[in-house]
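Q: Below is the structure I would like to discuss, written out as structure tokens.
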Amino acid sequence: MSEMISAKETAKRWGLSERRVTGLCKTGKIPGAEKTGHSWAIPADAEKPVDGRVKAGAFRQSAAKKADRLPPPVGVSDYRLASTEYYYIDKTLLIRDFLDERPMVSLFTRPRRFGKTMNMDMLRTFFEKTDEDTSRYFTDKKIWACGEKYRSYQGRYPVIYLSFKDMKYGSWEETLEDMQNVFAQEFKRHSILLTSDRIDETEKAYFENIVRKSGTMIDMTHALEYLSQMLHAHYGECAVIIVDEYDTPIQQGHTKGFYEEVISFMRNLLSGGFKDNKHMAYGFLTGILRVAKESIFSGLNNLAIHSVLDNKYSEYFGFTAGEVKEMAAYYGKSEKFDEICAWYDGYRFGNTEIFNPWSVINYFSNDCEPRAFWLSTGSNDIIGEVISQADDEICRKLTSLINGKSFTTYIDTSVIYPQVRSNPSSIYSFLLVAGYLKVTKPAVPFGGDYMCEVALPNREITLVYQKEILQKLEHVIPQSTAVSIQEAIFSGDGEQLKSLIRTLLIQSVSSFDTANETFYHGFMLGICALLGGAYTTSNRESGTGRYDIQLCPAAPKLPGIIIELKSEQGCSESQLRALSETALKQINDREYDTELRARGVKMVYKYGVAFSGKNVEVAVG
């Protein structure tokens with residue numbers, strides 16, 4: 001009898017996908033192929049069938065080979081679908097690492113679109129007890145090769161799975177309504193409980209109220225607690241509870257004005273489900289931010305938190321360099337690896353180098369054309385808040401990031417949304433956990449948190465970061481006005497620039513009585529950001545002093561620009577004019593143009609800008 005090999009081994013020999021080989025078996029194109037359980041066994045000496053559609057010619061052979069490849073899983077977060085119908089990067093050893101430790105509740109904090117939902121669906125598929133034999137989704141994965149110790153957990157538990165990732169509404173009422181929908185759908189998945197003789201009538205009545213969306217808000221806050229209790233009673237096994245993107249409605253609450261309502265609700269919901277719940281086997285949560293300072297889990301001392309700075313599970317969210325190399329080879333694009341690195345590499349989770357998975361997948365799906373595919377959901381609103389309140393130092397650092405610089409800062413991985421508003425310096429912590437920044441060196445522990453050197457991760461995020469700031473500024477500065485400001489700066493038209501800035505101040509800012517030079521400095525940096533890639537902005541020493549704003553041209557034919565700012569309260573028109581002349585004189589006296597001249601910039605426009613409330617004067621030199 002001929003030796004038999006698996007479809008996976010056959011696929012490697014023939015240079016086809018496993019899916020393609022299975023399809024050939026199903027259609028009888030491989031003589032002697034036999035189905036054993038859910039898998040196919042194929043004679044080792046079988047010859048690769050000739051597809052009638054494949055004709056001679058290198059182009060057609062190349063096209064056929066490409067057609068045999070599995071597509072990248074763009075927008076696919078369903079583990080079963082991704083692992084069988086698409087190119088799937090195996091992350092199942094996350095299950096092994098979890099079972100080796102088995103904390104009661106695990107929280108994974110990562111940026112949006114870094115594989116959290118896919119991994120949570122993988123955990124659900126692995127652990128959930130269903131009528132379907134779901135082991136077939138793991139028999140060819142790394143976790144299965146780890147042995148019976150780990151296989152014994154497959155299909156063992158009832159699972160509660162909630163995802164809040166799409167809960168982005170403008171009011172608490174809309175959010176609560178969608179909460180009802182999410183709970184109703186999950187309860188319907190467990191409708192077997194309505195016919196169970198182990199569930200009493202009171203519990204069934206509660207169950208039906210949730211399904212009909214007629215339960216009270218208090219009923220909803222007990223959803224995880226009571227459903228896990230019923231599942232435990234019916235199956236005789238405690239439930240696994242998974243909540244994906246728990247903090248999406250919290251972020252919406254912060255930006256849309258219902259933060260206290262959503263925090264109160266989430267605290268009761270999650271505490272009931274995860275704190276001292278004897279009906280829970282294990283719990284998993286994902287989000288951008290930690291929850292400790294939200295007091296959602298007050299007293300929960302067995303919560304294992306895994307942030308972007310921790311080593312555990314660091315390789316399971318996002319793609320590693322080795323995984324991206326394999327993917328590039330699979331699609332016949334190995335020569336593109338350096339380009340992929342420049343655009344989508346640069347993250348460091350713990351000590352692991354990580355690529356943005358969403359962008360890498362889209363890159364291969366779009367014929368390897370590099371673009372900025374990643375956009376964080378809602379985070380640009382937070383950045384806009386900081387820009388409006390940032391002091392001189394924060395403005396300088398945020399601007400230095402766009403120009404490829406790095407700096408060392410304190411990072412609190414448990415930063416919460418109100419902190420960003422009350423303490424603008426926490427923006428660096430938020431930008432790191434949200435995916436806008438990378439840690440360039442291993443983080444140094446510091447009083448329970450970290451001191452980190454941070455920078456923008458890659459070319460994609462440089463573009464995204466700049467674009468999202470500009471998008472925020474567009475609400476303040478109309479596009480037509482932005483173009484006019486650019487023209488005035490480029491041409492050295494001080495009167496036009498003065499007129500435009502005054503108009504913006506009157507239209508866009510509500511109060512000027514308390515405005516100081518720091519405010520105006522941030523305002524001017526925002527205007528300068530509109531110049532896009534034509535200039536790099538800096539704020540540092542040159543000549544014998546430190547200028548406020550310098551714009552260094554990317555192209556040699558453009559002029560260099562230096563802006564010095566002054567502000568005083570209650571100035572008359574003549575006093576304000578004199579103040580602007582003082583600012584201009586300072587540029588000349590202290591030779592602020594030294595650096596630009598050294599770089600070969602031949603024309604330098606110098607602007608002394610003086611503010612007093614809504615009034616502005618511009619002196620041009």
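FYI, it's all coordinate maths here, none of it is from the lab. Note that this is a predicted model, so its numbers are computed, not measured. Here the Cβ positions follow ideal geometry from the backbone for every residue, glycine too, while neighbour counts run over all protein chains shown.
Q: Grab the beta carbon distance between residue 45 and residue 581, set R0 = 60 Å, and tell me the FRET efficiency rounded to 0.05.
A: Efficiency for this residue pair is about 0.05.
Q: Right, another one. What pairs from 336/602; 168/213; 275/397; 165/441; 188/312; 35/91 go past 29 Å between their alpha carbons?
A: Violating the 29 Å Cα-Cα cut-off are 336/602; 275/397; 165/441; 188/312.
Q: Now a separate question. For every other residue with a beta carbon closer than 12 angstrom to the beta carbon of residue 150, add +1 if it is Lys or Arg and -1 if Asp or Glu, then tell me the sum.
A: +4
Q: Okay, next question. So if we plug the beta-carbon distance of residue 597 and residue 185 into 1/(1 + (r/R0)^6) with R0 = 60 Å, what FRET efficiency do we get, rounded to 0.05?
A: Calculated value: 0.35.
Q: Could you give me the percent of Cα pairs per 5 Å distance bin for the range 142-198, shortest bin first, beginning at zero and ending with the bin that holds the maximum distance?
A: 4, 14, 16, 13, 12, 12, 13, 9, 5, 2
Q: Quick one: if you stick a label point 7 Å off each Cα along the C-beta vector at residue 13 and residue 142, how many nm between them?
A: The modelled label-to-label distance comes out at 2.7 nm.
Q: Please list, in order, the residues from the range 558-602 whose amide nitrogen is less than 15 Å from a point placed 7 Å along the Cα→Cβ vector of residue 496.
A: Only 559 fall inside the zone, counting backbone N under 15 Å.
Q: Between residue 302 and residue 326, 0.36 nm times their residue separation minus their Cα-Cα distance comes to what?
A: So the extension gain works out to 4.9 nm.
Q: Continuing with the same structure: Give the whole-number value, in cubic angstrom per residue, of the convex hull volume spanned by the C-alpha atoms of the range 126-243.
A: 112 Å³
Q: For the range 79-306, what Kirkwood radius comes out of the mean inverse Cα-Cα distance, in Å?
A: 18.2 Å
Q: Averaging over every viewing direction, what projected area does the convex hull of the Cα atoms of the range 321-365 cover, in nm²?
A: Mean orientational projected area (the range 321-365, Cα hull): 2.9 nm².
Q: Compute the FRET efficiency between residue 410 and residue 311 as 1/(1 + (r/R0)^6), taking r as their Cβ-Cβ distance and R0 = 30 Å, and round to the nearest 0.05.
A: 0.90
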